[in-house]
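Reading through the structure tokens given below for one structure.
The values are calculated or read from the model by the stated rules, or taken from the named source; none is laboratory data. Owing to the predicted nature of the structure, the values given are computational and were not obtained by experimental measurement. Note that each Cβ is placed from the backbone with ideal geometry, even for glycine, and that neighbours are counted across all protein chains shown. Note: accessible area is taken over every heavy atom of the protein model, side chains too, but ligands, DNA and RNA are not part of it. Shrake-Rupley method; radii C 1.70, N 1.55, O 1.52, S 1.80 Å.
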Amino acid sequence: MSAALIEAKASWTRGEVPVGAVVVSPSGMIVSRAGNRTREYSDPTAHAEMLALRAACAANGSERLPDHSLFVTLEPCPMCAAAIAAARIKVLYYAASDPKSGGVAHGARIFSHAQCHHRPDVFEGLMEQDASDLLKRFFAERRA
């Protein structure tokens, strides 16, 4: 999660919402890492999770990442949760919950739907305070 937080901080420096994601192989190696780039790319799908999944799939030569783990600093939105399921991620770790826009434990709860063909193991709260503080500082600065 530390590597994902580094990506989140880099997102902030680019003027993006500070969310970072890291895909880790079964052997524990970081396969890909990304931070939000929606504004930079003028792409509403350029969330940290989507970019990290795309890069990991490209590196793996497959649209699926079985036995891989994904570390994200914020609860994935419904779009990202659906992509995580489609990629067959084995374990999802996320730091801060997102009651407003989350798609895992809140809102759409993608992995609970009957249409969801793959459900990763989900662990929340890993380095939650660090991720939450980063997001709160970012939005407080924007409102000032």
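Here are some notes:
- Residues within segment 4-14 that are open to solvent by 20 Å² or more (accessible area, probe 1.4 Å) and either small (G, A, S) or assigned to a helix (DSSP H, G or I) (or both), tallied: 6
- Residue in segment 120-129 that is farther than 19 Å from V23 by Cα and under 17 Å from the mean Cα position of the chain (by Cα) present: yes
- Matching residues, segment 87-107, being surrounded by 15 or more Cβ atoms within 10 Å (Cβ to Cβ) and not in a loop (DSSP other than H, G, I, E, B): L92, Y93, Y94, A95, A96
- Filter result (within 13 Å of P76 (Cα to Cα), in a loop (DSSP other than H, G, I, E, B) and either in contact with a Leu (Cβ under 7 Å, 6 or more places away or on another chain) or open to solvent by 40 Å² or more (accessible area, probe 1.4 Å) (or both)) within segment 19-60: V19, T45, H47
- Qualifying positions in segment 108-142 - open to solvent by 60 Å² or more (accessible area, probe 1.4 Å) and on the phi > 0 side of the Ramachandran plot: R109, M127
- Residues that are within 20 Å of N60 (Cβ to Cβ) and without any contact (Cβ under 8 Å) to a residue 40 or more places away in the chain, drawn from segment 14-37: S27, G28, M29, I30, V31, S32, R33, A34
- Members of segment 85-107 found to be at negative phi, of a type in the set (K, R) and touching a residue at least 24 places away in the same chain (Cβ under 8 Å), listed by number: K90
- Within segment 53-69, residues that are more than 19 Å from D121 (Cα to Cα) reach partners that are open to solvent by 70 Å² or more (accessible area, probe 1.4 Å) and modelled with pLDDT of 95 or more with beta carbons closer than 6 Å, at six or more positions or on different chains, in the pairs C57/E63.
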